[in-house]
Amino acid sequence: MTVVVRLSLPPGKVVGMVDEPPELTRRERDVLVALCRPALGEGVFTEPATVREIAAELVVTDAAVKQHLLHLYDKFEVPADGSRRRAALAREAIRRNATGLSDLQPSSRRRAQVEAMLQEGRSANEAHDWEKAFEFLDAADSVEPLGAADLVRLADAGMWTNRHEHSLECKRRAYQAHLRVGDTVLAAAVALILALHHWGRREFAVAAGWLAKAERDLEQAPDVLQQALLAIAQAFWAEAAADWNTVLERARHAHAIARSHGSADFEALGCAFEGLALTQMGEVAAGMRLLDEAMASALGGVLGPLATGVIYCRMLCACADLQDFGRADEWTTAVSDNASTPGLAGLPGDCRTHRAAVLIRSGAWAEGAIEAQRAVAEAATFDLTHLGIAFSELAEIRLRQGDFDAAEEALIRTARSPVSTRAATPCSSSSAETAVRRMARSRPTSNSSS
């Protein structure tokens with residue numbers, strides 16, 4: 001005689017006061033959903049899925065399923081006495097709303113829904129519609145874990161929509177996914193992006209660890225395009241140390257690899273870093289010519305958003321160091337006029353920081369204040385190196401506008417930021433000390449005549 005247990009709820013039944021379900025790992029949730037899937041059957045009473053059925057659906061061993069079930073029994077406090085533990089677990093999971101009906105749909109129907117969401121997310125990612133891309137890819141990931149390529153897309157969408165913690169997690173998952181299938185070259189590319197991400201957050205030890213992983217992963221692949229990304233990452237490190245000879249060498253190496261592989265992004269990045277290094281080494285005309293060339297590539301819409309942002313930032317850095325605000329204003333205006341060009345919309349916090357400086361010096365104070373405030377918001381979660389500079393630029397604007405209280409508040413935030421404006425980057429365009437002196441001279445005193 002078959003013993004059956006009621007798993008499903010009558011149509012329209014709403015569960016009232018129920019305990020919150022326990023926190024589950026992704027794999028535990030998969031096992032639980034597979035266990036309860038028979039609840040979608042036509043009959044009112046049904047058996048939960050067997051261990052073998054769960055293992056077949058998830059493509060794992062029976063032993064793995066049994067191990068996860070043991071953890072689930074503990075989390076749902078299913079007693080060990082008796083032989084109906086799977087049924088009791090399924091009943092408890094449904095009672096506590098640990099799975100929704102959408103989770104229990106047949107695999108073919110769920111797969112079709114996931115594929116539709118993936119197509120929407122991939123198309124939005126290609127069009128740089130980052131908010132839409134994040135919405136669809138994240139929804140697909142919540143139903144079925146994404147593959148490595150789609151995890152990278154979701155990480156990009158998270159970065160460009162200021163969801164940096166989510167972006168970091170997706171990158172780490174993508175790295176592991178590439179390693180699981182033995183693709184160390186693509187894993188190295190993700191590791192390099194992780195290194196740059198952590199470097200921007202001033203988590204230098206973590207960043208160095210990811211850089212070392214990438215270098216090791218690429219040791220046996222000297223001729224791949226990812227070597228160009230490694231060279232650019234090494235140029236970032238050398239730039240921070242003001243080691244311009246290394247920046248120059250790494251930039252030219254990246255450019256040469258990119259030319260051989262036909263990569264517009266890395267060719268332009270190599271060009272930009274070479275140009276920046278030359279300006280720092282006294283070859284200003286040659287360096288600015290290379291930076292102009294890299295910016296023209298970005299303006300032409302042939303580059304991705306990350307390459308475009310890095311190049312624009314380097315151009316503004318060079319202009320700030322050389323006090324060439326005319327050139328900076330020209331390129332800033334060109335970027336604004338062509339914001340619909342792929343790669344030019346949604347500049348990250350570091351770019352906004354330097355753009356705010358340009359707008360200040362061109363007299364566009366209101367627009368500069370908006371950019372500086374956006375830069376503060378974005379740099380606070382991603383790029384701590386530029387946070388102090390963004391506050392300093394905001395103080396400069398408020399000072400020029402005569403809002404001394406707001407200027408003083410911004411200066412206090414500047415002093416409390418993780419990096420001083422002088423030490424943060426070679427291209428900081430103003431200092432808190434200068435602004436304080438100007439504020440002291442400009443602030444009205446109680447003895448001032450009316």
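Anything in region 67-85 that is more than 23 Å from GLU144 (Cβ to Cβ) and not in a loop (DSSP other than H, G, I, E, B)? List them, or say none.
Residues satisfying the conditions are LEU70, TYR73, ASP74, ARG85.
Test of understanding: among ARG250, ARG289, which residue is modelled with pLDDT of 95 or more and surrounded by 24 or more Cβ atoms within 10 Å (Cβ to Cβ)?
Only one candidate qualifies: ARG250.
Which residues, taken from region 174-193, are under 15 Å from the mean Cα position of the chain (by Cα) and either among the β-branched types (Val, Ile, Thr) or modelled with pLDDT under 95 (or both)?
VAL190, ILE193
Provide a single number: the residues in region 184-206 that are touching a Lys or Arg at 6+ places or on another chain (Cβ under 6 Å) and hydroxyl-bearing (Ser, Thr, Tyr).
The number of residues fulfilling the criteria is 0.
Is there a residue being in contact with an Asp or Glu (Cβ under 8 Å, 6 or more places away or on another chain) and in a helix (DSSP H, G or I) anywhere in region 218-230?
Yes; the residues of region 218-230 include at least one that is in contact with an Asp or Glu (Cβ under 8 Å, 6 or more places away or on another chain) and in a helix (DSSP H, G or I).
One residue is enough: does region 49-69 have a residue meeting the conditions among the β-branched types (Val, Ile, Thr), in the same structural domain as LEU89 (by TED's automatic domain parsing), in contact with a His (Cβ under 8 Å, 6 or more places away or on another chain) and at pLDDT 90 or above?
no
Would you say LEU276 is surrounded by 24 or more Cβ atoms within 10 Å (Cβ to Cβ), among the hydrophobic types (A, V, I, L, M, F, W, C) and either outside the structural domain of TRP160 (by TED's automatic domain parsing) or over 24 Å from the mean Cα position of the chain (by Cα) (or both)?
Criteria met by LEU276.
Is it the case, given these coordinates, that ALA258 is buried (at least 22 other Cβ atoms within 10 Å of the Cβ), assigned by TED's automatic domain parsing to the domain that holds ILE311 and under 27 Å from TRP130 (Cα atoms)?
yes
The values are calculated or read from the model by the stated rules, or taken from the named source; none is laboratory data. Remember, predicted model here, so these are calculated numbers, not experimental data. For neighbour counting, all protein chains shown are included, and Cβ atoms are generated from backbone atoms with ideal geometry for every residue, glycine included.
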